[in-house]
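Shown next, in structure tokens, is the structure this report addresses.
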Amino acid sequence: MMKKRSIILTTVLAITLLISGCDNEPVMSEEDQVRATIDAIEAAAEKRSLTGMLEHISSSYKDYDGNDVKKIKGFIQLQLIQNQSINIFTKIRELEVTEDTATVELSAAMASREVDLSSDENRLRADRHRFSIVLKLEQGQWKVRSVSWQRGW
């Protein structure tokens with residue numbers, strides 16, 4: 001009886017270990033998680049999804065111009081109303097993660113019409129800005145805590 005119980009426990013343990021080792025989803029590095037967040041924000045903007053964009057903004061958002069999450073929401077809503085189409089091309093220039101904070105420097109070319117912004121020529125005609133973004137890890141998700149921007153690529 002003891003031997004049978006031992007075999008069953010060993011079998012259950014072996015199956016559990018095999019199943020846990022078969023997780024097909026690779027663990028993303030923190031840097032990759034931040035990149036995925038930036039990509040998700042860009043995709044939500046191009047879909048003109050206010051909710052999709054706001055889910056990546058911290059409720060503690062505060063930038064150097066004194067904007068809070070309420071003001072940023074209003075700014076995003078205004079852009080969505082003014083632009084019936086949004087096309088964005090981004091290039092991350094620098095990304096650094098330290099503990100629960102990430103800083104991202106990126107350039108973005110934006111157009112309110114469908115155009116290939118990966119082309120240098122088309123980017124020159126687009127709205128171009130450099131963004132400095134600070135993200136914080138909040139309950140396992142990277143959230144935008146503040147943003148500053150200036151014109152230029």
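Need the full-extension length gain, Gln77 to Thr51, defined as separation in residues times 0.36 nm minus the C-alpha distance. One decimal, nm.
Stretched fully, the Gln77-Thr51 segment lengthens by 8.3 nm.
How much net charge surrounds Asp63 when only the other residues with a Cβ under 10 Å from the Cβ of Asp63 are counted, with Lys and Arg +1 and Asp and Glu -1?
Overall, the nearby charge balance is +1.
Describe numerically, in nm with one decimal, the distance between label points set 7 Å from Cα along Cα→Cβ at Glu31 and at Leu137.
1.5
Roughly what would the spin-label model give for Ser148 and Glu96, points 7 Å off Cα along C-beta, in nm?
Distance between label points: 1.4 nm.
Rank these for me by crowding, Val27, Val134, Val144, going from fewest to most other beta carbons within 10 Å.
Val27, Val134, Val144
Please give, to one decimal in nm, the separation of the simple spin-label points placed at Val69 and Ser112, each 7 Å out from Cα toward the Cβ.
The modelled label-to-label distance comes out at 2.9 nm.
Output the peptides 91-97, 62-68 sorted from most to least packed, where packing is the average of other Cβ atoms within 10 Å over each peptide's residues.
91-97, 62-68
Computed from the coordinates by the stated procedures, all read-outs in this text should not be read as laboratory data. The structure displayed is predicted, hence computed values, not measured ones. A quick note on method: Cβ atoms are made from the backbone with ideal geometry, for glycine too, and the neighbour counts reach across all protein chains shown.
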